[in-house]
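A.B. asks: So that we are looking at the same thing, I have put the structure below in structure tokens.
The values are calculated or read from the model by the stated rules, or taken from the named source; none is laboratory data. Keep in mind it's a predicted model, so treat the numbers as computed, not measured. As a convention, Cβ positions derive from the backbone with ideal geometry for all residues, glycine included, and neighbour counts pool all protein chains shown.
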Amino acid sequence: MHALSSIPRLPEAASTPVGAEVYRGLTAFPKRLSPWLFYDQRGSELFEAITALPEYYLTRTERAIFAEYGDEILATASGDGKVAVIELGAGTAAKTGLLLAAAVRRQGRVSYYPIDISVSALEAGRTRIGEEMPQVVVRPIVADYTTELDEIPTPGGRRLVLYIGSSIGNFEPTEAAALLRRLRSQLAPGDLLLLRVDHIKDRNTLLPAYNDAAGVTAEFNRNILTRIRRELGAGFRPRLFMHRACWNEHESRIEMHLESLIQQEVSIPALDLTVTFRRGETIHTENSYKFTPERVDELLTRSGFAVERAWTDAKNWFGVYLAEAVAG
């Protein structure tokens, strides 16, 4: 009976999403932090800056595909009817405008449900879309689509779920499949998923996209430590950690790490925790998996979808896959 009282209780801050993630990640071996921690206000601003960098091919290549094939994508998706558009991790919906414009051209009025954890990003997107495309009725949903989304909106008719921006690559393969299976369980046969993935390419193209010459990605990576310092009172000195990006060929992924430049101890008072770092030890902060078309097809098939069409750019750097939810 008395033995229970000797079990140490974690501080209250460890029960918050940020506290729990930091406690789990920094007491693990090797140390890690989830990439969702990047996206406080400053992190979101830095990521928007990254998308405009010359080395960051991802956003401009995706936009080029949507600019060239947007009408064809919407025609294939809607068939003889109309679709309601739902977007996972929409952010400010900056790149979604091309697809929404194509939907407006095809069917006139469009219902659009952007889903994101950032209230400010959703509001910015709603304001901009309202000014540019009044035919689009925007109904934002504040939620973490990976854990909090219990039901996909059902406005009637066919649903087109957008999962663009290659966010699927941030998940471990088993996690990615589980996420898509959960999504499929909330859809009806005939509903559609538009999935965008980054294809495998040469490392001389990949690595600069995650380690730009201006150092914006390095600041973005270190901002995760600034957030922990601000929210949990941690004693991190971000400049004592170096941003490191590498290509893991065996796993087909870019990895981002924060490498300790010295041996050091970091106190996190809110978690009643002191973390020791060896010189050269890293915190693994992000993966970005790259795909072959065959691997995408396998992932979607295992998750209850069947690929209907695919579009790519001239260099085959990206793939945009339209998949239908199948019965069974």
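For every residue, the table says whether it meets (1) small (Gly, Ala, Ser); (2) in the same structural domain as residue 162 (by TED's automatic domain parsing).
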position: 196; (1), (2): no, yes
position: 215; (1), (2): yes, no
position: 226; (1), (2): no, no
position: 234; (1), (2): yes, no
position: 249; (1), (2): no, no
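A.B. asks: Return the residue satisfying two criteria in turn: it lies in region 234-257 and is aliphatic (A, V, I, L, M) and in a strand (DSSP E or B), and of such residues it is surrounded by the most Cβ atoms within 10 Å (Cβ to Cβ). Break it down stepwise before answering.
C.D. replies: So the first thing to find is which residues in region 234-257 are aliphatic (A, V, I, L, M), and the list is 234, 240, 242, 245, 254, 256.
Okay, now just the ones that are also in a strand (DSSP E or B), so 242, 245, 254, 256.
On the way: 242: 15, 245: 20, 254: 22, 256: 24.
My answer is 256.
A.B. asks: Please pick out the residue among 87, 72 that is buried (at least 18 other Cβ atoms within 10 Å of the Cβ), modelled with pLDDT of 95 or more, out of contact with any helix residue (DSSP H, G or I) (no Cβ under 7 Å at 6 or more places or on another chain) and among the acidic types (Asp, Glu).
C.D. replies: On the way: 72 fails: buried (at least 18 other Cβ atoms within 10 Å of the Cβ).
After ruling out the rest, the residue left standing is 87.
A.B. asks: Now, a different point. Based on this model, can you work out whether residue 94 counts as surrounded by 19 or more Cβ atoms within 10 Å (Cβ to Cβ), in contact with a Gly (Cβ under 8 Å, 6 or more places away or on another chain) and under 24 Å from residue 148 (Cβ atoms)?
C.D. replies: no
A.B. asks: Same structure, new question: Looking only at strands (runs of 3 or more DSSP E) that fall completely inside region 258-328, which ones have 3 or more residues that are polar (S, T, N, Q) and under 21 Å from the mean Cα position of the chain (by Cα)?
C.D. replies: 282-289
A.B. asks: Sticking with this one: Of the residues 79, 19, which single one is crowded, with 19+ Cβ neighbours inside 10 Å and among the small types (Gly, Ala, Ser)?
C.D. replies: Sole residue among the options that is crowded, with 19+ Cβ neighbours inside 10 Å and among the small types (Gly, Ala, Ser): 19.
A.B. asks: Taking region 293-309 only, how many residues are within 16 Å of residue 201 (Cβ to Cβ) and touching a strand residue (DSSP E or B) at 6+ places or on another chain (Cβ under 7 Å)? Let's see the steps before the verdict.
C.D. replies: The first filter runs over region 293-309 and keeps only residues within 16 Å of residue 201 (Cβ to Cβ), leaving 293-296.
Now narrow it down to the ones that are touching a strand residue (DSSP E or B) at 6+ places or on another chain (Cβ under 7 Å): 293, 296.
The number of residues fulfilling the criteria is 2.
A.B. asks: Would you check which residues across region 163-183 are over 12 Å from the mean Cα position of the chain (by Cα) and surrounded by 21 or more Cβ atoms within 10 Å (Cβ to Cβ) and list them?
C.D. replies: 180, 183
A.B. asks: Just for region 90-137: of the residues that are within 22 Å of residue 189 (Cα to Cα) and of a type in the set (A, V, I, L, M), which one is modelled with the lowest pLDDT?
C.D. replies: 115
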